[in-house]
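Here the structure comes first, spelled out in structure tokens, and everything after it is commentary.
What follows draws every value from the coordinates through simple rules; no lab data is involved. Everything quoted here is computed from the prediction, not taken from an experiment. Cβ sites come from the backbone with ideal geometry, for glycine too, and all protein chains shown count toward neighbours.
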Amino acid sequence: MTTAAALAVAKEFHHAFELCQGNGHKSLDDRRRPAIPAVVNLAFAIELAMKAVLFCYSQAPRGHELVELFRQFPDADQAFVRGRVHYTVEEFDACLDDVNKAFVEWRYVHEQRGLKSVSLQFLMILWSAVCELAEKKREEQRQKLQASEADQGS
């Protein structure tokens with residue numbers, strides 16, 4: 001998988017999140033928008049965007065844990081994401097830990113007892129930051145490829 005391909009799929013899942021989330025109004029049958037599919041799609045979009053970043057380093061990341069994927073980022077990429085989120089390091093780490101397994105936990109929320117909560121706000125901010133980084137990495141790869149092709153054509 002390439003950075004560009006993973007990012008394209010991540011954006012598809014983010015679009016699915018947006019469709020689930022709607023505009024905040026109730027549907028015609030007076031129901032609220034489906035929260036579970038929204039969280040699952042957004043968490044998976046973030047996971048895929050993180051993997052898109054890692055693919056640019058020729059890594060083949062596996063798993064669904066956002067903390068583990070984030071830890072594999074070089075320091076500069078971690079700093080980029082943290083800078084876009086605008087939380088203190090402690091706040092960021094705590095929030096990331098809270099949403100670490102959101103994809104798996106919310107995908108199987110029907111099997112759990114009790115109430116389940118997640119910070120949709122943090123997930124949305126994290127998506128924006130990681131997506132921006134993945135787009136930056138994709139563009140860097142594109143420019144390198146163009147330069148390589150230009151060198152071969154000379």
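Enumerate by residue number the chymotrypsin sites (Phe, Trp or Tyr not before Pro) in region 55-147 meeting two conditions: DSSP loop (anything except H, G, I, E, B), and at most 13 other Cβ atoms within 10 Å of the site's Cβ.
Numbers: sites: F55, Y57, F70, F80, Y87, F92, F103, W106, Y108, F122, W127; in loops: Y57, Y87, Y108.
Of the chymotrypsin sites (Phe, Trp or Tyr not before Pro), the ones in loops of region 55-147 whose Cβ has at most 13 other Cβ atoms within 10 Å are Y57, Y108.
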Any aspartates and glutamates whose Cα falls less than 14 Å from that of K137, other than same-chain ones fewer than 8 residues away, would be D77
Of A49, A129, A35, the most mobile residue in a GNM of the chain (C-alpha springs, cutoff 10 Å) is A35
Dipole check, the chain, charges on Cβ (K,R +1; D,E -1), about Cα centroid: among A79, G153, F13 the Cα furthest to the positive pole belongs to F13
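Excluding E91 itself, calculate the net charge of residues whose Cβ lies under 12 Å from the Cβ of E91, where each Lys or Arg counts +1 and each Asp or Glu counts -1. Display every interim value, and only then the final one.
On the way: positive: R82; negative: E90, D93, D97, D98.
Charge balance near E91 sits at -3.
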Total charge of the residues flanking V130 in space, meaning their Cβ is under 13 Å from its Cβ, with Lys and Arg +1 and Asp and Glu -1, is +3
Under a Gaussian network model of the chain whose springs join Cα atoms within less than 10 Å, the largest fluctuation of R113, R84, R62 belongs to R113
Note to self, the chain gives a 222 nm [θ] from helices alone (DSSP H runs n ≥ 4, -39500 (n - 2.57) apiece, / all residues, nearest 500) of -23000 deg cm²/dmol
Within the set G83, G63, G114, GNM on the chain using Cα springs under 10 Å gives the largest fluctuation to G114
Applying the span-like rule to the chain (DSSP H, Cα extent along axis at least 27 Å, Kyte-Doolittle mean at least 0.0) gives 35-55
Rh_Kirkwood(the chain) over Cα pairs, Å, one decimal, evaluates to 16.6 Å
For region 3-149, the dipole about the Cα centre with charges only on Cβ (Lys and Arg +1, Asp and Glu -1), to the nearest 20 debye, works out at 340 debye
